[in-house]
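Below is one structure; the comments refer to it alone.
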Amino acid sequence: MTEPNQDLAATQQTIAIGGDLLVGRIGFGAMQLTGAKVWGEYPDREAGITLLQQVVEAGVTFIDTADTYGPHSNESLIRDALYPYPKDLVIATKGGFVRGGPEYDDVDAVGNRIYLRQCVYTSMRRLGLDQIDLYYLHTPTATDVPFEDQVETLAEMRREGLIRHIGLSNLSAEQFRSAQQIAHIAAVTAHYNVGVRLGADLLDAAEAAGVVFSPWHPAAVPKDDTALRFNAVLQPIAQRHHATVQQLALAWQLHRSPLTLPIPGTTSVEHLNENLAAAAITLTPEDVGAITTLMPETTGERNN
């Protein structure tokens, strides 16, 4: 496997969110630092604090969280681990989902102005911030108010200085273009990786607009009955680069577009270092093309 570069923090590629927030090309998704089914506290709180500190020590400058992770406990854990924050650290969080219990089917969405404002204020309180650098609408699926009204609420909070940049999560390319007519969108995030291309249309739209695209579950590879077909392509390429298949999947994300900002998550320091080392892998155009063609890249407009 590719070993972590001890000077990684100095050599990692960077990307600018909203034109002014410069972060490393590989961030950290903090969602796993919660209980089972993303409900409750992370079982080993001290280990979670230590891991977050090691994330920053390793040179990561972008951490992704959300108020629904826990709910709330993930944001509080980040503050307890890292406050006062390094000057170069950008923390992105999200709001709009609500949890009615510990099961995944207990999730719903609320988008009215008062609720979203409450989300921002309480996230600031838990994180210990006066302004959130990047705030995502976590879902466009709320039905209590139109999607466009929700974007306008975020735009209002940006004008007030509560948030610095607006992000949108799990939306269609059409919704993204609609939102752009209302406010400046700095980043979008969607499910997109070697085996899942749900965010392909959104990636195309974001790239055309010069907007950062942050794929979640970015290093996942198929483990179902398609695994043999994928591994037949992935493993020889990974071996040539002395990398794991997961490292290859991350390196492909970085090569897929200059605007990608993958946010792999882990609870292991060893895995963290392996993820960051993927930034040092240089793929050929043939490598990228072979991986890209494993799945259809665009199947028309969709609402993820």
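The values are calculated or read from the model by the stated rules, or taken from the named source; none is laboratory data. What you see is a predicted model; the values in this text were computed from it and never measured. Don't worry about glycine lacking a Cβ; one is built from the backbone with ideal geometry, like all the others, and counts go over all protein chains shown.
Would you kindly identify the helices (runs of 4 or more DSSP H) lying entirely within region 227-304 that contain at least 3 residues that are within 19 Å of Leu198 (Cβ to Cβ) and touching a residue at least 24 places away in the same chain (Cβ under 8 Å)?
Working: elements: 227-240, 245-256, 269-277, 285-292.
Ranges flagged: 245-256.
Could you tell me whether region 29-49 includes any residue that is among the charged types (D, E, K, R), over 17 Å from the mean Cα position of the chain (by Cα) and under 24 Å from Val188 (Cα atoms)? Talk me through it step by step, then tell me what you get.
Here is the first cut: in region 29-49, the residues among the charged types (D, E, K, R) are 37, 41, 44-46.
Remaining after also requiring over 17 Å from the mean Cα position of the chain (by Cα): 37, 41, 44-46.
Within this subset, residues satisfying the condition of being under 24 Å from Val188 (Cα atoms) are 37.
Within region 29-49 (the criterion being among the charged types (D, E, K, R), over 17 Å from the mean Cα position of the chain (by Cα) and under 24 Å from Val188 (Cα atoms)), the answer is yes, since at least one residue qualifies.
Any residue in region 54-68 that is over 13 Å from Thr189 (Cβ atoms) sitting within a Cβ distance under 7 Å of a residue that is at pLDDT below 95 and assigned to a loop (DSSP other than H, G, I, E, B)? List the pairs, counting only those 6 or more apart or interchain.
Gly59/Gln12
Would you mention how many residues in region 133-179 are assigned to a helix (DSSP H, G or I) and not β-branched (Val, Ile, Thr)?
Of the residues in region 133-179, 19 are assigned to a helix (DSSP H, G or I) and not β-branched (Val, Ile, Thr).
Return the pairs, sorted by first residue and then second, in which the second residue is part of a loop (DSSP other than H, G, I, E, B) and modelled with pLDDT of 95 or more, the first residue lies in region 84-97 and is under 12 Å from Leu116 (Cα atoms) and charged (D, E, K, R), the beta carbons are less than 8 Å apart, and the residues are 6+ apart or on different chains.
Lys94/Thr65; Lys94/Ala66; Lys94/Asp67; Lys94/Thr68; Lys94/His138
Can you find a residue in region 180-192 that is modelled with pLDDT under 95 and either of a type in the set (A, V, I, L, M) or touching a helix residue (DSSP H, G or I) at 6+ places or on another chain (Cβ under 8 Å) (or both)? Talk me through it step by step, then tell me what you get.
Of all residues in region 180-192, those modelled with pLDDT under 95 come to none.
Among the residues of region 180-192, not one is modelled with pLDDT under 95 and either of a type in the set (A, V, I, L, M) or touching a helix residue (DSSP H, G or I) at 6+ places or on another chain (Cβ under 8 Å) (or both), which makes the answer no.
Taking region 187-206 as the region of interest, how many residues are over 19 Å from Ile291 (Cα atoms) and hydroxyl-bearing (Ser, Thr, Tyr)?
Selection size over region 187-206: 1.
Taking only pairs six or more apart or across chains, which ones have beta-carbon atoms under 7 Å, a first residue in region 36-48 that is in contact (Cβ under 8 Å) with a residue 24 or more places away in the chain and within 13 Å of Arg99 (Cβ to Cβ), and a second residue that is hydrophobic (A, V, I, L, M, F, W, C) and surrounded by 12 or more Cβ atoms within 10 Å (Cβ to Cβ)?
Close Cβ pairs (under 7 Å, with a partner that is hydrophobic (A, V, I, L, M, F, W, C) and surrounded by 12 or more Cβ atoms within 10 Å (Cβ to Cβ)) amount to Val38/Met31.
Can you name every residue in region 197-222 that is farther than 13 Å from Leu168 by Cβ and in a loop (DSSP other than H, G, I, E, B)?
Scanning region 197-222 gives Arg197, Leu198, Gly210, His217, Pro218, Ala219, Ala220, Val221, Pro222.
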